[in-house]
Structures are given as structure tokens and as C-alpha cells.
Amino acid sequence: KQEVNTWSVARAHTNIALIKYWGKRDEKLFLPTSPSLSLTLDSLYTDTRVRFDPKLSSDELWLAGEKQDDKSTVKITRVIDLFRARYSVPEQTPRMRVESVNHVPTAAGLASSSSGFAALAWALRDAFESAFPQTVAMDDRELSTFARRGSGSATRSIFGGFVEWSYGTGSNDSCAIPVDDARWDVAMVLAAISTQHKKISSTYGMKHTAETSSFYSLWREASEQDLATVREGIRERDIDKIGAAMEANCMKFHATMFAANPPFTYLTSRSWRVIEFVHEMRDSGLSVYFTMDAGPNVKILCRASEQQFVHDKLAERFPEITLFDALPGSGPETLSKDK
Ligand code: PMV
């Protein structure tokens, strides 16, 4: 029986990369040029529901109640097509309606694409497994390779805690691997310096950097080293080891863009003011470390036991900046299947 009218509903959390993904060795398959490692967060997430809809002639995407244009919709259709192939879906099967709500400032460098495509993949697996139960079940690692085809960073949101996205030999094994549930004294405070839509997309930014930056090959080598240090720090539950390697990786990551041709940066003077303040707090004895992605926002790694104190210090110094507190989050969950 095909449950075509039932919604499949999923929630997935964003993740922040400690060791960055920055470049594709295969653009179509979204294979990375280097492995990356992230922390999944609890308080920033996307809720997505999907269903087969016999009334539709093509897939539809609704974001926060608004129907999206073809340019956005084609990105989800590409992912849905992979599920159609994986589940050997008959031609006449209805197209899908996808409704998504981000509990994250969209495209502000707070990584809504990671939670967005992870929630989509999770909901799609539920929908296709209910409709085509005879097909071999898909485990979470395989699912992460489907999320990857929507957005690289989404690969890692298929698991909670610290997660590695492996380089892989090809499409099937460039997947997410859970490293540690991070249920210990670790947290983040995110300084949302700008919630404006970013001017240079991560897709374009990484391609331009990989093609033109004279620091790019150095970046790849250095990143492997930083990854090894972060892995070690996680094993030892040593936040200072993790934080120092994360910060160093972030600086090298942004340096690749300074050395691109033409050069560019996502950082603004406000980012630097927050960075300087992180140094100041660290000099006063706090275990605080920063990282930044394809946007001006600064994400601060700290001890969960000191998170409130770090938050208050930041709020006092930067009353104009919105702060988000996050603890390590879990992998995606199925919310409910209502009619
Ligand atoms: O997959 P995207 O387009 O969300 O790329 C994300 C790239 C960074 O956020 C800058 C780094 C990372 O590993 O998440």
C-alpha cells in the first residue's frame, strides 16, 4: 500500500565545522577536497515535511509558508530524484510537496543549508520507505551521502555531537561518521553579526578559492593536521586542544580567500572586534575559541559550565549583536506522521 497522502515529518539540527569543508573534487557528486569535522547544535534546526501529492505536475518547495521559485526548487528535485532512483520508483508516482521551516537565520552563515538538506533527506527516507517497503532499507551513513548531494555540510547533520565527513574513495563512502556524542562540558555561543543574505555563496566562494588561491594546496595539507589534533582533543575531552586547532584551521581557511584571485573575505570589522574580545576573554582565563564560516558571524566554542558567563560578557560588550546559545545536539528525528 502506498501511503501517498501521509506527511513524513523530520527535524534536523545545524552543525558548525571545526575543521572546514572548502572545495569539491567532484562538483556533481559533492565530493570534498578534504575531510571535515563539526559539532551538531541543539537549538538551531529545520523542520521539514514531505508527501507525495497527486495534484502536482512537478515537485514544490514551500519555505516558511512561501512557495519557492524554480531555482530553489530544482535543488530539492535533484535530491528527490536520487531517492526515486534508489527506491526504483515507478514513473507514474506522484511528485512531492516539501514544506520547510528554518529555526535558524537563513543563509546568514549560521548554516541553515546543513539542517535544511539533512531534514529533507531524513523526511524523504521515511516517505520512500513507507511507500516502497520492499526496497532494501537505507542506514544513516548511506542517508548522509544523499544529504551531501543537497549541500556538503548537510552530510554531517545526519548525526549528533562531533561528526566527521570522510574524504571517501567515491560517492558511496564519502559519508558522515559519528565521532563522539559531545555529552560533556562543551557548548557554543553564536554571535549573529549580520542576518543578511550572504553576498558570495559558499558554492561560488569555494570554487573560486580552489581554482585561484595560491594557498589552496597548503590549506589541504594543513587541514589534515588540524583534523588529527581535533580528533585527539575529542578523545581526551580537552577543550583547549580542540579549540586551538579549530581556531587555527579557521584562520587558514579565511587565508585561502585572502590569497584568491581576485581576493575576497567574508569577515567584517565587526567580526574582528568579536575575535579580539575572544582573545581578551581567553587572556582572562576562559576556555573560549572562535570560528567563522562563509559569513561574518563568529561562533565561539566554550565550556558548557561557562556558557552563561561567556554569553553575558559578550552581551555586555556588544549589546547590538544577537547571541544564540547552543549545546551539542542530536541527530535528526522523525516528528510524527499526521494525515
Ligand atoms: O555545504 P555548504 O554550502 O553549506 O558549505 C559550507 C562550507 C562552510 O560552512 C564554510 C564550512 C563547513 O564545513 O561547513
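List of remarks:
- DSSP bridge orientation in the chain - percent antiparallel, rounded to nearest 5: 90
- With Cα atoms, 0 to 90° folded angle of helix 202-212 axis to the chain main axis: 60
- For the chain, radius of gyration divided by Kirkwood radius, i.e. Rg to Rh on alpha-carbons: 0.98
- Binning the C-alpha pair distances of the range 8-183 at 5 Å intervals from 0 yields a P(r) profile of 1, 9, 18, 23, 20, 16, 9, 3, 1, 0 %, listed from the shortest bin outward.
- Under 5 Å, built H, 5+ apart or other chain: amide partners of T322: A192
- Taking amide H atoms as placed 1.01 Å from N in the peptide plane, the amide H of R95 lies under 5 Å from those of D53, L56, each 5 or more residues away in sequence or on another chain.
- Rg in Å to one decimal, and Dmax rounded to a whole Å, for the range 187-326 via C-alpha atoms: 15.5, 43
We did not get these values from a lab; they are worked out from the coordinates using the rules stated. Keep in mind the model is a prediction, meaning the values are calculated, not measured.
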